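Working notes for the structure below.
Laboratory data are not the source of any read-out in this text; all were calculated from the coordinates shown. This structure is a prediction, so every number in the text was calculated from the model and none was measured. No Cβ is skipped: glycine too gets one built from the backbone with ideal geometry, and neighbour counts run over all protein chains shown.
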Ligand SMILES: [Zn+2]
């Protein structure tokens, strides 16, 4: 599980450019399901057929594979790269980051930073904007222009680091951890008897507006949707209202974006198996794939499962691996509980 996460994090999968990571995920999924399909946008669907017939529901799980990153906007006459962002990159964490520029080769660069000695006291105390930053590849201009073009992608170099206990950190754990959960759900289902047809979708383009979830929900035509993503873990400086404990179980979200009956049933299964769950509320549509799954086609009753993650959209996103295991187990138990008459839970 940890090795799969480690490998996933090192493969580039920038929103809108997911081909490479999709291939890798498809290979892994193939070992645990009946059929793997990839669409032209590189959503990856791992299908597992349960023991049931057509009266049993089709359940779609979604976790996004794409990551936030940067893109080359201009190459200046000294060979420094100007860049823009794809997805919600935090400008404050960019300075002095090591990056990979995906030109004709994979080129290591750094987001350059002016030494404090050369700054005025006012400049030293203010945050620098992305438009004033540049990337240094350590190469002469002519060579840079041979290797890099405007529009090339730039990803962060920040491999998975094991911390003490069961915590890990690194880039794009949002939401590669969710993709690992999809894979673990498939393995858990192999230990259970279940009737439903399960379609585990590693989605694309979530970070630019949950667009892969729209496409894949249309294709999968599910009766029930389960979105898996990360939410904010607790830190000393953040409000308790908006954050969740890193060691008190996965987070189940309530609000108009989620189906009340199915959400209640999911929490009931957690109680039955004595598994800890934290409850979050979202009064508006969430920023996750659940947003699009719920209103695709004629609408899909959807559940949202989230994992607490500290330092979201940075290169040190921190997560408790125990939550990957418990999320997968609970989702699999919920799926196995879907038997004839499951529609009753849609009434609330
Ligand atoms: Zn996410």
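General remarks:
- Selection from the range 18-43 of residues that are in contact (Cβ under 8 Å) with a residue 40 or more places away in the chain and out of contact with any strand residue (DSSP E or B) (no Cβ under 6 Å at 6 or more places or on another chain): 18, 21, 28, 32, 39, 41, 42
- Residue list for the range 281-323, filter: in a helix (DSSP H, G or I) and more than 15 Å from the ligand (Cβ to nearest atom): 294, 322
- Scanning the range 134-157 for residues that are touching a helix residue (DSSP H, G or I) at 6+ places or on another chain (Cβ under 8 Å) and either farther than 16 Å from residue 104 by Cβ or surrounded by fewer than 16 Cβ atoms within 10 Å (Cβ to Cβ) (or both) yields a count of 1.
- Qualifying position, being exposed (fewer than 15 other Cβ atoms within 10 Å of the Cβ) and in contact with a helix residue (DSSP H, G or I) (Cβ under 9 Å, 6 or more places away or on another chain), among 172, 162, 125, 166: 162
- Residue list for the range 54-84, restricted to those being in a strand (DSSP E or B), under 30 Å from residue 144 (Cα atoms) and within 16 Å of the ligand (Cβ to nearest atom): 67, 69
- For the range 211-227, the criterion of being within 13 Å of the ligand (Cβ to nearest atom), closer than 30 Å to residue 265 by Cα and touching a helix residue (DSSP H, G or I) at 6+ places or on another chain (Cβ under 6 Å) is met by at least one residue.
- Residue 202 falls short of the stated requirement of being surrounded by 17 or more Cβ atoms within 10 Å (Cβ to Cβ) and either more than 21 Å from residue 321 (Cα to Cα) or more than 16 Å from the ligand (Cβ to nearest atom) (or both).
- If the condition is being buried (at least 18 other Cβ atoms within 10 Å of the Cβ) and in contact (Cβ under 8 Å) with a residue 60 or more places away in the chain, then the range 249-268 contributes 249, 250, 259, 262, 265, 266.
- Against the test of being closer than 18 Å to residue 58 by Cα and touching a helix residue (DSSP H, G or I) at 6+ places or on another chain (Cβ under 7 Å), the options 309, 321, 338, 333 yield a single qualifying residue, 333.
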